[in-house]
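Reading through the structure tokens given below for one structure.
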Amino acid sequence: MNKLVLVVNTLKRKISPKKKSLMKSFGWSETNENYFKKYNQDLYKNNKGTFQIQIRSGNIWYWFFKLSSGDDRLKYLCKCFEGVDNVYPNSFDKACDVLKKKINLSFKGIRVGTINLSKYIDEYIDFLINRGNLEKQTRVKGGITYNVLVKKDNGIETIDNPTTLKNKIRSINEFKLYCIEHNVKVDDVSSKKMKSIFKDFSQYLKVRGKRKFNGAIIESKNLKNSTLSKSTIKLFLQNTRYFLDWLSTDEDEYGRGLLKEHPITLEFQNKIIKYDIGKQQPRFDFVDFTKSNYEDSIGDTSEFIKKVWFTYCKNKGDIEELRTERLSYSKKTKQGGIVGTLHKNQPKDWVIMSDITYFISFLQLKYGFRISEILHSFRDKNSWERHADKNYQSSYFRKVKDENYYVLEIRNSKSKDRSVPIEETIWSFTQEPPNNVGKKVSKVNKNGKNYHQWETNIIDVIFSLFPKSILTFPSPNYFTKKNKGYSTTYYLNLFKSKMVNSVKNGGLGWDKRDIYTTHHLRAFFVSYMLREEGVQPTDVCEITGHSLITMINYYNRISEESKRATLQRSNLRDILKRKH
């Protein structure tokens, strides 16, 4: 009897001449099987076995793959046939293709591969919702009903940052809609086709408009304002890759375990962003910084704060004069006449109201804070420990004992912790600040007479002028939301109204200084600091929480300006103009 020994992953087997001949008629050969093994070594690594044919009811032959170990070892592949069909040159080639798909699907069945990928995106979203202890809530805005995700109020702490998880869900929802529209199947993920799908998805994002809060796409002729930024597209692509990673990760490692692998690597993603999405100008390049604009902005805010503080100290902490001066109007009769009394139209504990923008802007200009780091800060560590959600960015003030300065302790801001000392002070010359918040300093005037001044840290000034709360800046709805802060959206609207808009429209006209957002104040701080003699970019990194790469970009830009200024002061241009 002739013997054929076929080696597949060191597994030896005997095939009868009759069956060997039959297998060859279906496209098999020892060479073909070894070629398949050679070019699919990653599949065989954890799935050693052999191709076999077996007869079933109706005297029909079928291809199977028999695993060398484990339970349920025999895996059905496909029906045998001689010659070609509409797709494959022979049935062995088809069996090989089916085997690759089944291994990638962990032998869960080819029918799984025909399911739209959106089904598993829904599973992934549920997985993220559970990880973040989130729940869906229905809201109505402008007569439109929409859903939002919020953290459950059940006291359960989460390992993952809920904000990060909500961003992942928002991103992968976009890919889900794309999969439904373009009929992307599970089977596509483990093949080279996934690269084309990923690339097409990036192009779709590049030309697609932004979405409104209810999911509708904004249509605008102004493409700059209506299309997605490069950073947003990168976020969408990155979170799509995270989903594919989850789909291909074992269940005991908190994945889905549906596939063995996928072709979308970080390197491929970065190539798509670099070559297909294109280069985007860094945010800081939009700031046309000048030292005079920076100093004028500091002056606008500090003068306002000093004026309010002097009046507060002069009245020994009695805020009624301030309220009368700033927050009142004359009462009118129904007939149009004016009554001799004033009506104060704000809560009795308030002095500042919408002028909070002067205080926040001052701190951003002087220390480069992100808006959320200062706007939602806690007054002390105890309040922070009791009320802050440690999964989100948070911050609190720590006063240095026996010293006249505070430290803002910032936690989990862009996944980093940092501490920023705040030593900015305000002088009061005639009256001692109430509640002993100021530091008494003895001076001697030109005539040799002794006098006293009081130096008060800006944070003590803020704590004195704003109503008592666990937060540095409590909500304007103080009596109903005492321990709540300003919403970021509400504050940004205030900033635009009070600081950016022209004087004619009730603002300070900062738009003429190219200041349009609170982020520009942070950029002003960095630009100013790096122009100061002796300041190291690494120190500015520590203060602002910027990455070193971002700081180097700032520094290189400023260095280029310096080199241009140096050359402009030289006689080189004059030399070139001379006639020879």
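Close contacts from segment 177-195, counting a first residue that is at negative phi and a second that is in a loop (DSSP other than H, G, I, E, B) and polar (S, T, N, Q), with Cβ to Cβ under 9 Å and a gap of 6+ residues or different chains, come to Lys185/Thr114; Val186/Thr114; Asp187/Thr114; Val189/Ser248; Ser190/Ser248.
For segment 463-497, give me each residue that is among the hydrophobic types (A, V, I, L, M, F, W, C) and under 25 Å from Tyr312 (Cα atoms).
Of everything in segment 463-497, those that are among the hydrophobic types (A, V, I, L, M, F, W, C) and under 25 Å from Tyr312 (Cα atoms) turn out to be Phe463, Leu465, Phe466, Ile470, Leu471, Phe473, Phe479, Leu494, Phe495.
Within segment 164-184, the residues that satisfy the criterion of being within 16 Å of the chain's Cα centre (by Cα) and of a type in the set (Ser, Thr, Tyr) are Thr164, Ser171.
Collect the residues in segment 44-74 that are aliphatic (A, V, I, L, M) and out of contact with any Lys or Arg (no Cβ under 6 Å at 6 or more places or on another chain), keeping them in residue-number order. Those that are aliphatic (A, V, I, L, M) and out of contact with any Lys or Arg (no Cβ under 6 Å at 6 or more places or on another chain): Ile53, Ile55, Ile60. Take Leu223 and tell me if it is over 16 Å from the mean Cα position of the chain (by Cα), at pLDDT below 90 and aliphatic (A, V, I, L, M). Against the criterion (over 16 Å from the mean Cα position of the chain (by Cα), at pLDDT below 90 and aliphatic (A, V, I, L, M)), Leu223 qualifies. Filter segment 372-394 down to the residues that are surrounded by 20 or more Cβ atoms within 10 Å (Cβ to Cβ) and in a helix (DSSP H, G or I) and list them by number. Correct list: Glu373, Ile374, Leu375, Trp384. Among the residues making up segment 75-91, those that are free of Cβ contacts under 8 Å to residues at least 12 places away in the same chain and among the aliphatic types (A, V, I, L, M) are Val84, Val87.
Only one of these is assigned by TED's automatic domain parsing to the domain that holds Ser361, under 15 Å from Ser361 (Cα atoms) and modelled with pLDDT of 85 or more: Phe473, Phe495, Phe524. Name it.
Values: Phe495 fails: assigned by TED's automatic domain parsing to the domain that holds Ser361; Phe524 fails: assigned by TED's automatic domain parsing to the domain that holds Ser361.
The conditions single out Phe473.
Between Phe26, Phe81, the distinction of being in contact with a Lys or Arg (Cβ under 9 Å, 6 or more places away or on another chain) and not acidic (Asp, Glu) belongs to Phe81 only. Within segment 395-404, the set of residues being at pLDDT 90 or above, over 13 Å from Ile374 (Cα atoms) and either touching a strand residue (DSSP E or B) at 6+ places or on another chain (Cβ under 6 Å) or part of a strand (DSSP E or B) (or both) comprises Arg398, Lys399. Hey, can you tell me all the residues within segment 498-515 that are more than 15 Å from Leu365 (Cβ to Cβ) and in a loop (DSSP other than H, G, I, E, B)? Selection gives Asn501, Ser502, Gly506, Gly507, Gly509. Applying the set (1) closer than 28 Å to Glu253 by Cα; (2) surrounded by fewer than 17 Cβ atoms within 10 Å (Cβ to Cβ); (3) aromatic (Phe, Trp, Tyr) to Tyr124 leaves exactly one unmet item: (2).
Scanning segment 171-199 for residues that are among the charged types (D, E, K, R) and modelled with pLDDT of 90 or more, we see that the one that is farthest from Asn270 (Cα to Cα) is Lys176. Regarding Phe64, is this residue farther than 23 Å from Cys179 by Cβ and free of Cβ contacts under 8 Å to residues at least 24 places away in the same chain? Against the criterion (farther than 23 Å from Cys179 by Cβ and free of Cβ contacts under 8 Å to residues at least 24 places away in the same chain), Phe64 qualifies.
Listed by position, the strands (runs of 3 or more DSSP E) inside segment 1-107 whose residues that are modelled with pLDDT under 85 and not polar (S, T, N, Q) number at least 3 are 74-79.
The values are calculated or read from the model by the stated rules, or taken from the named source; none is laboratory data. Keep in mind it's a predicted model, so treat the numbers as computed, not measured. Neighbour counts run over all protein chains shown; Cβ positions are idealised from the backbone, glycine included.
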